[in-house]
Amino acid sequence: MRKKIVVTGGTGFIGSRLVHRLAAEGKDVYALVRATSDLAPLRDCQDRINLVYGDVTDLSTLSAAFDGADEVYHCAGITYMGGKRNPLLQKINVDGTSNVLEAGRKAGVRRIVHVSSITAVGISGPNRKFDEESRWNFDIIDLEYARTKHVAEQLVTEQVRKGMDCVIVVPAFVFGAGDINFNAGRIIKDVYNRKMPFYPLGGVCVVDVEIVVDALIAAMKKGRTGERYIVGGDNVSFRELSRTIMQVAGVHQFSLPLPLWAAHVISYLLKFSKDRNRISKLFNMTMFTVASKHLYFDSSKAERELGMRYEPFEKSIRRTFEWYLERHML
């Protein structure tokens, strides 16, 4: 009898790529989707999977989805890094995680793999790399997304202490084919369209979505209960990242380094500009503040224990760019 595998956030970027992989391997996979979800990300594999309708924010809808499930990948979440308060961050990232854990406990799910975020690990600084044991310090920035992902991890850890079998996977800045909502892919689109005349002074850890999917499946198979695994790759400055995208895309734009204080001035002046759309949507002060920090990470634990593979980040940028180009999305 095949194991029943449930993936929450089945239409999201990471979730949909995971569903595709599990379907390709002939697994009995159930993608949790909302009644209002756009099923386009699952179109190519929909005939090989089971759709189950529910919402992580509504515990009562999870019982049927989790009934008889052996494994649950909790990929559902909302990423919002704008300046306004978004109540969905608490509702989905924290309350939703609590509901998944509760439903999993009641259904007797064998193991839950929880997808977290590097914002739940911290801000490293330019000359060091954070690992799984680093103290969370993202509270120095008022970023509700980071707080909710940190709290969600605490909920998972608390349930592990109570006897649940859970593993935490922490993806870095994820590029890859299938990013239809332009999460990390937004920077590729905006560099290609020459909407980034400046770049922040920070840096970030970059990884391809297929490597994340590999790690999620490995974590389910052999991750140690209660452990967290950072899944990343190259640590690159935004200067290096934007120049690599230009090289891959075959475009060039003169781009200047922009300190945070100067970004505040430009952000204020842009309020009065009719040319606001000529500048990347990534240029909001909350996101720019984060991008002015260094989020560098050490993924050696995932390499040792999960067999995580490495590839140069340029390959992921090229793969993502070509995927967008083929679909006329740029």
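The values are calculated or read from the model by the stated rules, or taken from the named source; none is laboratory data. Note that this is a predicted model, so its numbers are computed, not measured. No Cβ is skipped: glycine too gets one built from the backbone with ideal geometry, and neighbour counts run over all protein chains shown.
Only one residue in Val160, Val121 is β-branched (Val, Ile, Thr), closer than 22 Å to Val7 by Cα and modelled with pLDDT of 95 or more, so which one is that?
Selected residue: Val160, the only one of Val160, Val121 that is β-branched (Val, Ile, Thr), closer than 22 Å to Val7 by Cα and modelled with pLDDT of 95 or more.
Run Trp136 past the list (1) outside any loop (DSSP other than H, G, I, E, B); (2) over 30 Å from Ala69 (Cβ atoms); (3) in contact with a Gly (Cβ under 7 Å, 6 or more places away or on another chain) and report the number of the one that doesn't hold.
Against the list (1) outside any loop (DSSP other than H, G, I, E, B); (2) over 30 Å from Ala69 (Cβ atoms); (3) in contact with a Gly (Cβ under 7 Å, 6 or more places away or on another chain), Trp136 comes up short only on (1).
Name the pairs whose Cβ atoms lie under 9 Å apart, with the first residue in the range 245-260 and farther than 11 Å from Phe321 by Cβ, the second small (Gly, Ala, Ser) and part of a helix (DSSP H, G or I), and 6 or more positions between them or separate chains?
Gln253/Ser242; Ser255/Ser242
Please go through the range 17-36 and give me each residue that is over 18 Å from Ala64 (Cβ atoms) and not small (Gly, Ala, Ser), ordered by number.
Scanning the range 17-36 gives Arg17, Leu18, Val19, His20, Arg21, Leu22, Glu25, Lys27, Thr36.
Restricting to the range 171-201, what's the tally of residues that are in contact with a Lys or Arg (Cβ under 6 Å, 6 or more places away or on another chain) and in a strand (DSSP E or B)?
Residues that pass the stated criteria total 1.
Just need a number here: residues in the range 139-164 that are farther than 14 Å from Gly104 by Cβ and not in a helix (DSSP H, G or I).
Going through the range 139-164 one residue at a time, the tally reaches 3.
Do we find a residue being under 20 Å from Val207 (Cα atoms), in contact (Cβ under 8 Å) with a residue 60 or more places away in the chain and within 18 Å of the chain's Cα centre (by Cα) anywhere in the range 50-73?
Looking through the range 50-73, at least one residue is under 20 Å from Val207 (Cα atoms), in contact (Cβ under 8 Å) with a residue 60 or more places away in the chain and within 18 Å of the chain's Cα centre (by Cα).
So, Leu201, is that one under 26 Å from Arg85 (Cα atoms) and either in contact with a strand residue (DSSP E or B) (Cβ under 6 Å, 6 or more places away or on another chain) or at pLDDT 95 or above (or both) or not?
The answer is yes for Leu201.
On the basis of being within 30 Å of Val72 (Cα to Cα), buried (at least 20 other Cβ atoms within 10 Å of the Cβ) and modelled with pLDDT under 95, does Gly185 make the cut?
yes
Considering only the range 1-36, how many residues are among the β-branched types (Val, Ile, Thr) and at positive phi?
Going through the range 1-36 one residue at a time, the tally reaches 0.
So which residues in the range 101-124 are of a type in the set (A, V, I, L, M), surrounded by 24 or more Cβ atoms within 10 Å (Cβ to Cβ) and assigned to a helix (DSSP H, G or I)?
Hits for the range 101-124 are Leu101, Ala103, Ile118.
With the checklist (1) surrounded by fewer than 18 Cβ atoms within 10 Å (Cβ to Cβ); (2) modelled with pLDDT under 95 in hand, flag the one item Lys195 doesn't pass.
It fails just one condition, (1).
Could you say which residue among Thr148, Thr157 is within 21 Å of the chain's Cα centre (by Cα), farther than 23 Å from Ala184 by Cβ and among the hydroxyl-bearing types (Ser, Thr, Tyr)?
Thr157
Among the residues of the range 87-100 satisfying the criterion of being farther than 15 Å from Thr61 by Cβ and among the hydrophobic types (A, V, I, L, M, F, W, C), which is surrounded by the most Cβ atoms within 10 Å (Cβ to Cβ)?
Top of the filtered list is Leu89.
How many residues are touching a Lys or Arg at 6+ places or on another chain (Cβ under 9 Å), surrounded by fewer than 23 Cβ atoms within 10 Å (Cβ to Cβ) and not polar (S, T, N, Q) when one looks only at the range 221-248?
3
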